[in-house]
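One structure below.
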Amino acid sequence: MKQVAILGSTGSIGVNTLDVIASDPDRFGVYAITANRNIDLLVQQIQIHKPKVVGLADKSYFADYQNKIKACAYQPEVLCGSDGLASIASSPTVDIVMAAIVGAAGLAPTLAAARAGKRILLANKEALVVAGDLFMKTIQAGSAELLPIDSEHNAIYQCLPDANQTSSARGNYHQLGVDELVLTASGGPFRNWPIADLKEVTPEQACAHPNWVMGRKISVDSATMMNKGLEVIEAHHLFGMSADKIQVVIHPQSIVHSMVRYSDGSVIAQMGNPDMRIPIAYGLAWPNRMPSGVKALDLQSMAQLDFSAVDAKRFPCLNLAYQAIANGGTSSVALNAANEIAVDAFLNHQISFSDIYHVNLDVLNNYIAQAMQSIEQLQEEDLIVRQSATQILRKYYR
Ligand SMILES: NC(=O)c1ccc[n+]([C@@H]2O[C@H](COP(=O)([O-])OP(=O)(O)OC[C@H]3O[C@@H](n4cnc5c(N)ncnc54)[C@H](OP(=O)(O)O)[C@@H]3O)[C@@H](O)[C@H]2O)c1
């Protein structure tokens with residue numbers, strides 16, 4: 001039986017992962033789950049899945065946790081803070097780590113899993129966005145297995161020939177006939193809104209994605225298409241493809257999850273209903289397959305599949321990602337940190353939806369990129385940018 005640790009079990013990906021695992025209890029065990037502040041759901045999950053260990057990222061919620069768990073029949077060991085999460089991710093008992101913490105906070109425990117040579121199911125795109133090649137080198141040095149869970153990267157992974165999915169092919173895909181990676185984007189809830197109205201968008205409207213049910217941060221990122229930008233950076237590092245070989249197309253139905261274009265004219269696509277349990281099941285069972293609980297794609301009832309170019313005026317955040325890749329070094333750290341601060345401010349009604357882009361642009365334009373040297377340096381840069389983004393943000397307060 002494979003033992004799984006789920007970092008971020010109280011989030012959307014975490015809940016879906018528990019669902020897939022519970023469907024095959026002879027094959028997968030829940031060794032550990034972790035949360036940040038959602039103690040009610042954590043306690044509920046503990047009673048259902050009975051993990052041996054629980055991680056609580058925000059130590060200040062420990063008293064609340066103790067209060068709520070004391071009446072429960074089952075009480076696992078608890079580890080707190082980022083050290084606690086790192087020791088869960090690297091525990092010798094764990095075979096598979098689902099990295100499903102949102103934001104740059106997911107980097108440290110995911111790196112711990114990489115150093116310990118685990119199979120990592122990577123949902124936390126920020127780890128690759130922030131640490132890029134350093135993250136990939138840590139995976140290699142630790143002999144860890146990296147399986148992308150972001151549906152687009154999972155699709156691309158599935159569309160590359162089996163032999164090419166190994167890390168040795170990374171960066172050499174053009175020699176294997178791969179011309180281009182094509183990421184699909186639904187266009188989110190505002191694909192057809194008048195651009196002038198985007199200033200007045202509310203957090204509730206931005207979080208109401210037409211096809212996917214996701215956490216609030218990634219939902220806002222999908223609405224601005226910063227999410228697709230982060231995915232371009234993620235694909236650039238994950239597959240070692242240059243940015244000019246990564247194209248984004250709008251595909252409103254979210255049925256084709258991404259594609260690989262080959263030099264002979266073939267385009268191979270992965271399709272499925274928009275449900276994260278498909279890539280999660282793929283990562284858990286790889287190189288085999290397992291049922292995900294997702295209903296079969298009904299090809300006959302699909303009216304049409306549309307594809308169109310991205311309107312850069314409507315979705316200016318996408319180009320910031322290409323700009324960050326071109327600037328190189330620690331630029332992606334800056335863009336990611338700025339965006340986390342800006343999205344948080346938008347969700348707290350402090351800035352408008354359109355100003356997320358302006359904050360990100362100001363931070364990126366004022367940022368002097370450094371060569372990436374170490375994870376500690378990236379973490380310091382991340383903190384510095386957060387401080388300057390918080391200053392810049394004030395200019396846009398409503
Ligand atoms: N949802 C999707 O469909 C989807 C698709 C592709 C990729 N992703 C990526 O997967 C990751 C998770 O997304 P999500 O939608 O599942 O997010 P979510 O619903 O917001 O859940 C985030 C999880 O991270 C935990 N967390 C938040 N801040 C933390 C911190 N500082 N330290 C440790 N844990 C923290 C949360 O704990 P509490 O709830 O206890 O506060 C929760 O368990 C993101 O990187 C996202 O981009 C998601």
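The values are calculated or read from the model by the stated rules, or taken from the named source; none is laboratory data. All of these numbers come straight from a predicted model, not from anything done at the bench. With ideal geometry, Cβ positions are generated from the backbone for all residues, glycine too; neighbour counts draw on all protein chains shown. The protein model used for the area step is the full one, side chains on, heavy atoms only, and it has no ligands, DNA or RNA in it. Shrake-Rupley method; radii C 1.70, N 1.55, O 1.52, S 1.80 Å.
Values for this structure:
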| item | result |
| --- | --- |
| Qualifying residues in the stretch 291-330 (those that are in contact with a Gly (Cβ under 8 Å, 6 or more places away or on another chain) and free of Cβ contacts under 8 Å to residues at least 60 places away in the same chain) - the one farthest from residue 212 (Cα to Cα) | 297 |
| Some residue of the stretch 349-364 being in contact (Cβ under 8 Å) with a residue 60 or more places away in the chain, open to solvent by 40 Å² or more (accessible area, probe 1.4 Å), more than 24 Å from residue 246 (Cα to Cα) and not aliphatic (A, V, I, L, M) | yes |
| Where a residue in the stretch 271-290 is outside the structural domain of residue 98 (by TED's automatic domain parsing) and its partner, wherever it lies, is hydroxyl-bearing (Ser, Thr, Tyr), with Cβ under 6 Å and at least six apart | 274/254; 277/292; 278/292; 279/151; 280/17; 281/292 |
| Members of the stretch 30-54 that are open to solvent by 10 Å² or more (accessible area, probe 1.4 Å) and not polar (S, T, N, Q) | 30, 31, 37, 40, 41, 43, 48, 49, 50, 52 |
| Subset of the stretch 168-198 that is assigned to a loop (DSSP other than H, G, I, E, B) and in contact with a Phe, Trp or Tyr (Cβ under 7 Å, 6 or more places away or on another chain) - its residue that is surrounded by the fewest Cβ atoms within 10 Å (Cβ to Cβ) | 177 |
| Qualifying residues in the stretch 214-241 (those that are out of contact with any strand residue (DSSP E or B) (no Cβ under 8 Å at 6 or more places or on another chain) and among the β-branched types (Val, Ile, Thr)) - the one nearest to the ligand (Cβ to nearest atom) | 218 |
| Test: residue in the stretch 34-45 that is over 25 Å from the mean Cα position of the chain (by Cα) and either touching a residue at least 12 places away in the same chain (Cβ under 8 Å) or within 14 Å of the ligand (Cβ to nearest atom) (or both) | no |
| Residue list for the stretch 18-49, restricted to those being polar (S, T, N, Q) and in contact with a Ser or Thr (Cβ under 7 Å, 6 or more places away or on another chain) | 34, 38, 45 |
| Enumeration of residues in the stretch 118-144 that are assigned to a helix (DSSP H, G or I) and away from the ligand (no atom under 13 Å from the Cβ) | 131, 132, 133, 134, 135, 136, 137, 138, 139, 140, 141 |
| Residues within the stretch 320-367 that are among the hydroxyl-bearing types (Ser, Thr, Tyr) and out of contact with any helix residue (DSSP H, G or I) (no Cβ under 7 Å at 6 or more places or on another chain), tallied | 0 |
| Answer residue from the stretch 66-117, given it is of a type in the set (S, T, N, Q) and within 11 Å of the ligand (Cβ to nearest atom) and is surrounded by the fewest Cβ atoms within 10 Å (Cβ to Cβ) among those | 82 |
| Count of the stretch 295-321 residues which are open to solvent by less than 60 Å² (accessible area, probe 1.4 Å) and closer than 30 Å to residue 384 by Cα | 8 |
| Conditions (1) out of contact with any Lys or Arg (no Cβ under 6 Å at 6 or more places or on another chain); (2) touching a residue at least 40 places away in the same chain (Cβ under 8 Å): number failed by residue 185 | (1) |
| Members of the stretch 120-137 found to be farther than 26 Å from residue 220 by Cα and touching a residue at least 60 places away in the same chain (Cβ under 8 Å), listed by number | 133, 134, 136 |
| Matching residues in the stretch 199-213 - criterion: being open to solvent by 10 Å² or more (accessible area, probe 1.4 Å) and more than 15 Å from the ligand (Cβ to nearest atom) | 199, 200, 202, 204, 205 |
| Hits in the stretch 6-31 (condition: away from the ligand (no atom under 13 Å from the Cβ) and of a type in the set (A, V, I, L, M, F, W, C)) | 20, 21, 22, 28, 30 |
| Residues that are under 24 Å from residue 229 (Cα atoms) and either at pLDDT below 95 or open to solvent by 20 Å² or more (accessible area, probe 1.4 Å) (or both), drawn from the stretch 136-151 | 136, 137, 138, 146 |
